[in-house]
Amino acid sequence: MSDRDSVFFRNFAFFTAALTVLTIVLILIGRSVHHYAMDDQSSQLDRGAVHKNIQPVATVNTDPNATSATPEVAVSEAPFGGSVDGQVIYDNVCMACHTTGAGGAPQLVHAEWDARVEQGIDTLYKHAIEGFTGDKGLMPAKGGRSDLTDEQVKASVDYMIDHLQ
Ligand code: HEC
């Protein structure tokens, strides 16, 4: 074996050994990261939740005897559990603007609302559901939550009118 060959083999053996060590180190790091991630409660897979998240948005009902809409579907479509409690909708959606007056939104005081209420409740419902641009600013349709049902929006309008100060 020539000198050059032995230099090559020595370097090659060294290089192989280094790669082996690197591999072992990476395996150990990988195992500890995996272990760490699995210990963390928040990253534990909640299979029920995963299953719920990947549910199809709708299913075709081929049962001729079935009633039109199953309540379960109706509930899962509307936000806030389909609640028609005006306060729940108001606190979660409308309050952001109407309690602070952000963007020119009328706060819940008679001075800001009496003229609006005179338009009639149906106009208020319509403006809340379809959106409305007035002198004060832009009222987004359904307060920006297009997933709210009309009933939920109406309930929150009722709540607002009932809580003017
Ligand atoms: C992004 C801010 C914002 C959010 C969120 C918001 N509003 Fe408004 N809203 C406004 C503004 C601004 C006006 C005033 C528009 C004008 O008169 O110029 C308004 C006006 C209204 C009016 C009066 C309309 C009229 O005819 O005078 C109603 C009713 C109303 N909002 C209901 C709601 C309800 C119900 C929600 C929650 C579902 C909601 N708003 C969420 C900004 C908001």
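The values are calculated or read from the model by the stated rules, or taken from the named source; none is laboratory data. Here the structure is a predicted model, which is why all the values come from computation and not from measurement. Using ideal geometry, Cβ is built from the backbone for each residue, glycine included, and neighbour counts are taken over all protein chains shown. Just so you know, the surface numbers come from the protein's heavy atoms only, side chains and all, with ligands and any DNA or RNA stripped out. Shrake-Rupley method; radii C 1.70, N 1.55, O 1.52, S 1.80 Å.
Select from the range 103-122 the residues that are within 6 Å of the ligand (Cβ to nearest atom) and not in a loop (DSSP other than H, G, I, E, B) and write down the one among them that is least open to solvent (accessible area, probe 1.4 Å). Filtering first and then ranking leaves GLY104. Considering TYR90, TYR125, TYR159, the condition of being assigned to a helix (DSSP H, G or I), more than 6 Å from the ligand (Cβ to nearest atom) and in contact with a Ser or Thr (Cβ under 8 Å, 6 or more places away or on another chain) is satisfied by TYR90 alone.
For ASP5, state whether it is modelled with pLDDT under 90 and out of contact with any strand residue (DSSP E or B) (no Cβ under 6 Å at 6 or more places or on another chain). Criteria met by ASP5. Considering only the range 77-84, I want to know if a residue exists there that is under 28 Å from SER156 (Cα atoms), in the same structural domain as GLU151 (by TED's automatic domain parsing) and modelled with pLDDT under 80. So far as the range 77-84 goes, yes, one or more of its residues are under 28 Å from SER156 (Cα atoms), in the same structural domain as GLU151 (by TED's automatic domain parsing) and modelled with pLDDT under 80.
Go through the residues of the range 133-144 one by one and say whether even a single one is open to solvent by 50 Å² or more (accessible area, probe 1.4 Å), assigned to a helix (DSSP H, G or I) and under 19 Å from VAL88 (Cβ atoms). Looking through the range 133-144, at least one residue is open to solvent by 50 Å² or more (accessible area, probe 1.4 Å), assigned to a helix (DSSP H, G or I) and under 19 Å from VAL88 (Cβ atoms).
Beta carbons closer than 6 Å, at least 6 apart along the sequence or on distinct chains, never pair a first residue in the range 105-120 that is free of Cβ contacts under 8 Å to residues at least 12 places away in the same chain with a second that is within 9 Å of the ligand (Cβ to nearest atom) and among the hydrophobic types (A, V, I, L, M, F, W, C).
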